[in-house]
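Asker: My structure is below; once you've seen it, I'll send some questions.
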Amino acid sequence: MGLMRWDPAHELQALRHQMNRLLDETMRGRRFGWWRRPVLPEAGPRLDVYQTDTEVVVTAELPGIESKEDVEVTATEDSLSLKGEIKRGQDIRDENYYHSERYYGAFHRTLPLPVKVKPAEARATYRNGVLEVRLPKAEPGRDRTVRIDIH
């Protein structure tokens with residue numbers, strides 16, 4: 001018998017296949033709370049942050065938020081906070097769910113901004129499940145918190 005080359009990628013793929021099979025067999029016919037009822041990750045909604053020469057722009061995915069009144073956006077000169085709740089659209093009891101992947105629940109996320117901004121001049125819009133906040137850049141100064149209206 002000759003030597004065989006060891007392929008770690010093949011070993012990992014085989015392990016993944018075995019784990020998936022085990023989970024499928026274990027979950028078939030059973031309902032676990034964590035399997036049926038996902039909530040928002042602790043980090044909150046997914047978002048992008050970028051800057052131009054004049055402003056910092058933050059976009060956040062908030063599917064399921066029905067109106068801009070359901071989201072609170074506040075800013076300081078060096079951070080932005082998002083707070084709200086994504087509600088399930090229908091009143092269906094948990095035990096009636098067969099499978100659920102959509103996120104829902106309350107969220108609160110504060111993120112540091114890459115540069116100082118002017119929170120009083122910030123603008124926010126909410127369309128098609130995406131919140132966009134535009135914060136004009138500022139010279140360093142004292143910190144203060146300002147609530148931003150969503151249009």
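Asker: Looking at 46, 31, which is the one that is of a type in the set (Lys, Arg), at pLDDT 80 or above and either under 23 Å from residue 108 (Cβ atoms) or touching a helix residue (DSSP H, G or I) at 6+ places or on another chain (Cβ under 9 Å) (or both)? Before you say what the answer is, go through the steps one by one.
Answerer: On the way: 31 fails: at pLDDT 80 or above.
From the options 46, 31, the qualifying one is 46.
Asker: What's the number of the condition residue 110 fails, among (1) over 20 Å from residue 146 (Cβ atoms); (2) in contact (Cβ under 8 Å) with a residue 12 or more places away in the chain?
Answerer: Failing condition for residue 110: (1).
Asker: What number of residues within segment 83-113 satisfy the criterion of being modelled with pLDDT under 85, over 14 Å from the mean Cα position of the chain (by Cα) and surrounded by 10 or more Cβ atoms within 10 Å (Cβ to Cβ)?
Answerer: Residues flagged as modelled with pLDDT under 85, over 14 Å from the mean Cα position of the chain (by Cα) and surrounded by 10 or more Cβ atoms within 10 Å (Cβ to Cβ) within segment 83-113 amount to 7.
Asker: Of all residues in segment 42-82, which are among the β-branched types (Val, Ile, Thr) and touching a residue at least 24 places away in the same chain (Cβ under 8 Å)?
Answerer: 49, 54, 56, 57, 58, 59, 65, 71, 73, 74, 76
The values are calculated or read from the model by the stated rules, or taken from the named source; none is laboratory data. It should be emphasised that the depicted structure is a prediction, and the values quoted were computed from it without experimental measurement. For neighbour counting, all protein chains shown are included, and Cβ atoms are generated from backbone atoms with ideal geometry for every residue, glycine included.
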